[in-house]
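Q: Next up is a structure, given as structure tokens.
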Amino acid sequence: MLDDPGGTPGLTRRESQVAELVAAGLTNKDITARLTIAQRTAENHVERILGKLGLTSRTQLAVWTYEQREVPAGN
């Protein structure tokens, strides 16, 4: 699947949404309720995101997501 222009670089729009929810501290169960998806789908999204980004934990994903929000100095 190609990157979605509305998402975070390297992730689809849905993966970007899931990454933001992980960064907000939501569990997979919470994500399923928020996005109205199956729990296994949420788990798959998180696993796929971690793999794409070369990360091994939700904490690393939260930090990565936060860093993507930062505006470079001078802008």
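Q: Any chance you could count how many residues in the range 39-75 are of a type in the set (Gly, Ala, Ser), exposed (fewer than 13 other Cβ atoms within 10 Å of the Cβ) and either in a helix (DSSP H, G or I) or touching a Phe, Trp or Tyr at 6+ places or on another chain (Cβ under 8 Å) (or both)?
A: Qualifying residue count, the range 39-75: 1.
Q: Sticking with this structure for a sec: Scanning the range 46-75 for residues that are closer than 12 Å to residue 20 by Cα and of a type in the set (Lys, Arg), which turns out modelled with the lowest pLDDT?
A: Across the range 46-75, the extreme among qualifying residues is 69.
Q: Answer yes or no: is there a residue in the range 23-38 that is under 15 Å from residue 9 (Cβ atoms) and either modelled with pLDDT under 95 or assigned to a helix (DSSP H, G or I) (or both). Lay out the reasoning, then the answer.
A: Narrowing the range 23-38 to residues under 15 Å from residue 9 (Cβ atoms): none.
Scanning the range 23-38 turns up no residue that is under 15 Å from residue 9 (Cβ atoms) and either modelled with pLDDT under 95 or assigned to a helix (DSSP H, G or I) (or both).
Q: In this structure, does residue 15 turn out to be assigned to a helix (DSSP H, G or I), of a type outside the set (Ser, Thr, Tyr), within 11 Å of the chain's Cα centre (by Cα) and exposed (fewer than 13 other Cβ atoms within 10 Å of the Cβ)?
A: Here the answer is no, as residue 15 does not meet what is asked.
The values are calculated or read from the model by the stated rules, or taken from the named source; none is laboratory data. Quantities reported herein were computed from a predicted structural model and do not represent experimental measurements. Ideal geometry is used to build each Cβ from the backbone, glycine not excepted, and the neighbour counts take in all protein chains shown.
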